[in-house]
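Colleague: Dropping the structure in here first, questions after.
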Amino acid sequence: MRANYKVLAVSAALAFSAGMMPLAAVQAQDYPSQNIHLISAFPPGSGADIVVRYYSEKLKPLIKQNVIVESKVGAGGTLAVEYIARAKPDGHTILVHSGITAANMMYLLKKPPIDAAKDLQLAAMINRQPFMVVVRADAPWKDLAQLTGHLKQQKDKSSYGWAATIAKVAGELYKNKSGLQTVDVAYRAGPDLLNDLLGGVIDFAVLDPALAMAQLRQGKIRILAVTTQERIKASADLPTMEEQGVKDINLVGWFGAILPSATPRPIVDQINVWFNAITSSPETKEFLAKTGADPWITSVDEAQSAYLKEVQAWGDYVRLAKIDPQ
């Protein structure tokens with residue numbers, strides 16, 4: 001009897017496996033069966049939102065379906081991250097977002113709404129980018145050392161603006177390593193702080209590269225430093241904080257295509273193929289370069305591995321920047 005049970009168990013397992021194989025094939029073959037929704041965590045017109053909308057336009061001819069951009073703005077990007085984690089895992093809803101926002105919520109919130117390490121799946125990377133320390137174009141400070149000297153003189157009468165968590169971390173690490181008392185001022189989005197920066201209300205800001213490069217081209221700001229330890233190819237003429245004596249700061253921003261973790265692997269693989277095809281095109285490389293970013297093409301497994309390392313690293317970043325969970 002035991003032998004018969006074993007035979008039945010093996011037969012059942014084989015039948016189950018045989019049944020699952022066509023299902024995976026069907027999922028990939030029939031996908032997408034409806035419009036794709038790209039989720040943007042950023043206000044329309046912001047530098048980061050432009051990246052989302054660029055990919056939405058390039059995705060349309062590849063999938064033969066409409067691509068709709070939905071804005072889910074709020075809570076510093078965590079609203080959009082929670083939304084994608086709870087979305088139907090069928091590949092028809094994709095968050096195009098900074099993976100850092102997903103990674104750091106585990107440490108910035110006392111009660112994170114999701115488990116960032118378990119609930120999300122990276123389908124593809126898009127770019128690598130620095131954040132940028134900027135001042136208004138007519139400011140007297142020509143480099144980071146001059147700005148540091150000014151901030152030390154002004155003590156807690158000086159201030160800086162930020163609108164993304166990585167920008168705040170960069171600012172706080174700069175303060176800690178330089179012995180500054182500069183006050184941080186939070187803004188809802190990068191464009192919101194520009195009037196205060198240009199009007200001299202705040203001394204400097206830490207901006208995402210898309211916004212910073214656009215303002216640089218218009219002659220409104222001066223970029224003093226980037227937050228990566230090595231120079232980014234797209235902005236190779238811009239010095240790092242490391243080069244200017246502010247050591248051990250290596251904050252690399254990046255964008256990726258993010259899905260719920262339960263999304264079937266054939267669908268994840270297909271999304272990876274689409275995004276890699278877009279990112280590898282000469283037109284996209286030129287577009288990304290204008291936003292101060294380098295293209296980043298990976299496999300699904302490489303993307304997920306890089307993301308999980310980011311989740312782990314942000315525990316140290318938040319501790320070093322002395323940021324209290326909210």
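Nothing in this text is a laboratory measurement; each read-out follows from the coordinates by a stated rule. Small disclaimer: the values here were computed from a predicted structure and weren't measured. Positions of Cβ are backbone-derived with ideal geometry, glycine not excepted, and every protein chain shown enters the neighbour counts.
Colleague: Tell me, LEU251, LEU109 in order of fewest to most beta-carbon neighbours within 10 Å?
Modeller: So the ranking, lowest neighbour count to highest, is LEU109, LEU251.
Colleague: Determine the calculated [θ] at 222 nm for the chain from helices alone, applying -39500 (n - 2.57) to every DSSP H run no shorter than 4 residues and normalising by the residue count; nearest 500 deg cm²/dmol.
Modeller: Taking each H run of at least 4 residues, the total per residue is -15000 deg cm²/dmol.
Colleague: Which residues' amide hydrogens lie under 5 Å from the amide hydrogen of LEU120, considering only partners 5 or more residues apart or on another chain, with H built in the peptide plane?
Modeller: Those lying under 5 Å, H to H, from LEU120 are SER261.
Colleague: Place a +1 charge on the Cβ of each Lys and Arg in the chain and a -1 charge on the Cβ of each Asp and Glu, then give the dipole magnitude about the Cα centre in debye, rounded to the nearest 20. Could you put the intermediate results ahead of the total?
Modeller: On the way: 34 positive and 31 negative charges, 66 e Å.
Computed about the Cα centre, the dipole is about 320 debye.
Colleague: In addition: Send over the per residue convex hull volume for region 119-170, Cα only, as a whole number of Å³. Could you put the intermediate results ahead of the total?
Modeller: Working: hull volume 6.7 nm³, N = 52.
Per-residue hull volume (Cα only) is 129 Å³.
Colleague: Of the trypsin sites (Lys or Arg not before Pro) in region 253-326, which ones lie in a loop per DSSP and count no more than 15 other C-beta atoms within 10 Å?
Modeller: Loop-located and lightly packed - LYS322.
Colleague: I'd like the distance between the alpha-carbon centres of region 251-326 and region 30-56, rounded to an integer number of Å.
Modeller: Distance between centres, Cα-based: 15 Å.
Colleague: Please report the relative contact order for region 132-244, taking Cα pairs under 8 Å with a sequence separation of at least 6, and give it as a percent rounded to a whole number.
Modeller: 38
Colleague: So, one more: Restricting things to alpha carbons, tell me how big region 132-244 is in terms of Rg and Dmax, in Å.
Modeller: 12.6, 36
Colleague: Where both partners of a DSSP beta bridge lie in the chain, what percent of those bridges are antiparallel, to the nearest 5?
Modeller: DSSP beta bridges in the chain are roughly 60 percent antiparallel.
Colleague: Rank the residues SER71, SER235, SER159 as a footprinting-exposure proxy: fewest other Cβ atoms within 10 Å of their Cβ go first. It would help to have the intermediate numbers written out before the result.
Modeller: On the way: SER71 14, SER235 23, SER159 17.
With the fewest neighbours first, SER71, SER235, SER159 line up as SER71, SER159, SER235.
Colleague: Just want the ordering: TYR317, TYR31, from fewest to most Cβ atoms lying within 10 Å of their own Cβ.
Modeller: Listing TYR317, TYR31 from fewest to most nearby Cβ atoms yields TYR31, TYR317.
Colleague: How high is the relative contact order of the chain, in percent, counting Cα pairs under 8 Å that sit 6 or more residues apart?
Modeller: Relative contact order of the chain: 26 percent.
Colleague: Alpha carbons only, please: Rg and Dmax for the chain, in angstrom.
Modeller: According to the Cα coordinates of the chain, Rg and Dmax are 22.3, 89 Å.
Colleague: Using the Cα centre as the reference, give the magnitude of the dipole from point charges on the C-beta atoms of region 132-244 (Lys, Arg: +1; Asp, Glu: -1; all else neutral), rounded to the nearest 20 debye.
Modeller: Working: 14 positive and 13 negative charges, 24 e Å.
In total the dipole reaches around 120 debye.
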